[in-house]
Amino acid sequence: MKKDQPKKNMNEDGRRAARVEKEVQSVISSFIIQKLQPELPGLITIGRVQIPPDLRQARVYISLLNLNLDEKVNVDDLDLSLEILQAWAPEMQQAINQKIQMKYLPKLTFYADESSERILKIENLLSKLVPAEAKSENKITEDDN
């Protein structure tokens, strides 16, 4: 870097990347709804998009919700969804390029978002703990009487 050029503020890069992440997420969501929904084995949610400050790569984290709410999502269905989305990535990148004018177009890579699964497991464990605590509190109050 030249001496007379001011250094870029790291917060500025972070804010810019965050804005681009939101826009990319929006464009991908619209693209999926308009063009891919019939091909996918369930409802896709984009949990988050992560783009480094250089804006050259985009990691897109997705979750798959089964249309039949009584059934758990099949791992094969999630893998199939990831393959379909990755195959359509160049077209999604073109849609991003049309919507957002940037020097570099981020290369999209899709990943399974496991955070929602972890949240559901934690909520399930907590819901099992709450009734157990309530029972023990009821037992204590009954013993006091």
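Criterion first (touching a residue at least 12 places away in the same chain (Cβ under 8 Å) and in a strand (DSSP E or B)) does residue 104 satisfy it?
The answer is no for residue 104.
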Of 44, 28, the only residue that is within 18 Å of residue 80 (Cβ to Cβ), modelled with pLDDT of 95 or more, in the same structural domain as residue 101 (by TED's automatic domain parsing) and under 14 Å from the mean Cα position of the chain (by Cα) is 28
Scanning segment 84-101 for residues that are among the polar types (S, T, N, Q) and touching a residue at least 12 places away in the same chain (Cβ under 8 Å), the one farthest from residue 44 (Cα to Cα) turns out to be 93
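The values are calculated or read from the model by the stated rules, or taken from the named source; none is laboratory data. The structure presented is a predicted model; accordingly, all values stated were derived computationally and were not measured. Backbone-built Cβ (ideal geometry, glycine too); neighbour counts: all protein chains shown.
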